[in-house]
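**Student:** One structure, pasted below without further comment.
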Ligand SMILES: NC(=O)c1ccc[n+]([C@@H]2O[C@H](COP(=O)([O-])OP(=O)(O)OC[C@H]3O[C@@H](n4cnc5c(N)ncnc54)[C@H](O)[C@@H]3O)[C@@H](O)[C@H]2O)c1
């Protein structure tokens, strides 16, 4: 990848919190200016201002938009603005597009009664924000020549793409779609030298996680089964992105890459720590009967 200090930008959708904010910080330390899109209320804006100050303290430029990333008109306006201010003069290349939007309806698809049932508007909004918006931003960025040879696309997914949870039907569908879009974009953008991967993060303490019913239990189970005996952090993902931006990594393409310490490969069967089985020494017990679950 070409490295021209001061001219390379990362567009982060969901830049103000969680994975997006950690990536913004880490990318700015590695020479990227940050074009951030986020959706925050007044109460969380001081955190956004603090993040902007941190990025600028790393000597990088920031342009942050507090707008709905799924709104077509806002998307066009943000891209027009960027082209006008930076790209037209040949001063800017967008090397990273990160999709890290958390905005979904957590309801059963059918539920026990009509009151619980997810509505069409909620299902469509979840799919639109958490999956389809990746396609629309990519289309516009390619159309406007903002992504090109050496650019990388990352989309945040979770094991919810393959494992469902109560209330999680719409978000699970969005994650499955997001991973499929990444594979498809990898096919279509490879010839342009643009590389695409989904990053599957483990359960991570962020505002989005806190909104999921049973979040504390999810976190508990994740730590209990994680080989590293801790939850994933947004910084784990940011560091992995930096590694995936190194020259010579472009053949890592079209994948869903786990950045979860191995957590998603391990079943939860009530263990209290990843070592509990070793402590019990079950596998060496000649008397151990695997069919006895008493
Ligand atoms: N937290 C986890 O355990 C976990 C694990 C794996 C994957 N993920 C995925 O990572 C992504 C980011 O989640 P997070 O945990 O960092 O959440 P978060 O709540 O910390 O951050 C979400 C970001 O999205 C922005 N946002 C939400 N809706 C928006 C919209 N319509 N327009 C513009 N910005 C919008 C918010 O302002 C914020 O910046 C999500 O796709 C989530 O599903 C989360």
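**Student:** Mind pulling the angle between the C-alpha long axis of helix 18-29 and the longest principal axis of the chain? Nearest 10 degrees, somewhere in 0 to 90.
**Tutor:** The helix 18-29 is inclined about 50 degrees to the chain.
**Student:** Would you compute the Debye intensity of the stretch 19-59 from its alpha-carbon atoms alone, equal scatterers and no solvent, and pass along log10 I(q)/I(0) at q = 0.18, 0.19 Å⁻¹ to two decimals?
**Tutor:** Log10 I(q)/I(0), no solvent term: -0.47, -0.52.
**Student:** Take the alpha carbon atoms of the stretch 1-66, find their center, do the same for the stretch 216-249, and report the distance between the two centers in whole angstrom.
**Tutor:** Cα centroid to Cα centroid, the span is 20 Å.
**Student:** What full-extension length gain, to one decimal in nm, is calculated for residue 265 and residue 242 as 0.36 nm per residue of separation minus the Cα-Cα distance? Provide the component values of the computation, followed by the final result.
**Tutor:** On the way: separation 23, 0.36 × 23 = 8.28 nm, distance 2.36 nm.
Full extension of this stretch gives 5.9 nm more.
**Student:** Now for a separate question. Highest mean first, how do 24-32, 65-73, 167-175, 218-226 rank when packing is the count of other Cβ atoms within 10 Å averaged over residues? It would help to have the intermediate numbers written out before the result.
**Tutor:** Details: 24-32: 21.1, 65-73: 15.9, 167-175: 22.7, 218-226: 19.3.
Packing order, densest peptide first, comes out as 167-175, 24-32, 218-226, 65-73.
**Student:** What is the spin-label model distance, in nm, from residue 249 to residue 121 if the labels are put 7 Å beyond Cα along the C-beta direction?
**Tutor:** That separation, rounded to one decimal, is 4.2 nm.
**Student:** If I model a spin label as a point 7 Å beyond the Cα along the Cα-Cβ vector, how far apart are those points for residue 50 and residue 29 in nm?
**Tutor:** In this crude spin-label approximation the distance works out to 1.7 nm.
**Student:** So what's the angle, to the nearest 10 degrees on a 0 to 90 scale, between helix 133-143 and the longest Cα principal axis of the chain?
**Tutor:** Roughly 30 degrees, rounded to the nearest 10.
**Student:** Now, a different point. In nm, to one decimal, how far is the residue 210 label point from the residue 275 one, both placed 7 Å along Cα→Cβ?
**Tutor:** For residue 210 paired with residue 275, the spin-label model returns 3.2 nm.
**Student:** Taking 0.36 nm per intervening residue step and subtracting the Cα-Cα distance, what contour gain separates residue 143 from residue 188 on full extension?
**Tutor:** Working: separation 45, 0.36 × 45 = 16.20 nm, distance 1.34 nm.
Taking residue 143 through residue 188 to full extension adds about 14.9 nm, to one decimal.
**Student:** When all C-alpha to C-alpha distances in the stretch 8-284 are sorted into bins of 10 Å, what percent of pairs does each bin hold, rounded to whole numbers?
**Tutor:** 7, 28, 35, 21, 7, 2, 0
Every number in this text was worked out from the coordinates using simple rules, so none of it is lab data. If you're wondering where the values come from, they're calculated on a predicted model, not measured in any experiment. Neighbour counts run over all protein chains shown; Cβ positions are idealised from the backbone, glycine included.
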